[in-house]
Amino acid sequence: MRSRSTALLSIAAVAGLLLAGCASTAETEPTSTSAADSVVESSVSDPAAAGERVGADGNELEVWSAIVPDESAAAALEEPAEGNQWVTVNVAQWVTDEGQSDVDVAPVLRSTADESFSADAVSQRAVEVPMTPEKSYTFVWSFQVPEDLVDASTLVLCVGSGDEGCSSLTAE
């Protein structure tokens with residue numbers, strides 16, 4: 001009987017501690033950090049590392065992972081053009097403007113080894129995804145890249161065709 005009473009008291013004590021933690025007052029004022037505060041300044045020539053959030057013109061992305069080259073992409077898309085290979089990048093993306101979809105904000109792949117190279121994203125999805133401002137979306141984008149430029153250390157993913165908001169495919 002005594003051990004049962006001790007067990008019940010122990011459970012009651014633990015429950016009380018847990019409830020006390022839940023009842024503590026939280027900070028009611030919003031913090032001064034926002035998504036915009038966490039955006040790293042970057043460019044094609046000076047890209048952010050994978051895992052850092054980059055942005056330009058109200059669009060932001062964060063590279064989570066990349067497959068360089070991605071031989072399995074052909075199963076979902078098609079065989080790449082002669083002399084090219086698929087590169088696939090998994091990213092988080094955000095928008096600030098209403099009425100945009102994943103296709104509207106598809107990133108562009110560039111190369112630090114060849115400034116003239118630019119590849120448009122190809123989606124493995126069959127439908128467009130409407131995006132809500134300030135919400136995070138995860139997308140997988142594939143790119144056809146000439147075989148001589150397929151090098152994760154020189155490929156850079158940018159939020160658009162400009163030179164701002166670019167991320168390396170590798171963590172530095």
* Asked: Give or take rounding to whole Å, what are the principal axis extents of the alpha carbon atoms in the range 48-172, in descending order?
  -> 39, 31, 23
* **Alpha carbon convex hull of the range 83-149, volume per residue in cubic angstrom** => 92 Å³
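Each reported figure results from applying straightforward, stated rules to the coordinates on display, with no laboratory input. Since we're looking at a predicted model, the values are computed, not measured.
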